[in-house]
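Here is the structure we will look at, set down as structure tokens.
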Amino acid sequence: MKKLLCGLTLFAGMAGLVSTSALPVAPAQDKKGEAKKAAAKPGVIEVNEGKDGKFRFTVRDSEEKFLAQSGAFEKREDAIKGIETLKEALAKATIAPAKK
């Protein structure tokens, strides 16, 4: 009988710890929160001069992961104009199937 009572007390104590412990946010809710944070932080477009003296821009997402890189431009100003043109085109673009 003593063993049974000790076992029940131990079980009840453990159940109390589980039920009263602070549980973390559910994973699905946590991912939604992370998505909102990521959406709030903008991506970045970097303009760099290559070893060949030409300028290219690189597009990175909010986590600084590489997305795309441009071709070469003779001047930094031309690369910036290319960025502005790309922004305008993407704002109105639709996704089309690949040409065969």
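Okay, here's what the table says:
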| item | result |
| --- | --- |
| Residue match in segment 38-60 (condition: of a type in the set (A, V, I, L, M) and touching a helix residue (DSSP H, G or I) at 6+ places or on another chain (Cβ under 7 Å)) | yes |
| Which numbered condition VAL25 misses (of (1) modelled with pLDDT under 90; (2) surrounded by 12 or more Cβ atoms within 10 Å (Cβ to Cβ)) | (2) |
| For THR9: the one exception among (1) at pLDDT below 65; (2) among the hydroxyl-bearing types (Ser, Thr, Tyr); (3) exposed (fewer than 10 other Cβ atoms within 10 Å of the Cβ) | (3) |
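The values are calculated or read from the model by the stated rules, or taken from the named source; none is laboratory data. What you see is a predicted model; the values in this text were computed from it and never measured. Note that each Cβ is placed from the backbone with ideal geometry, even for glycine, and that neighbours are counted across all protein chains shown.
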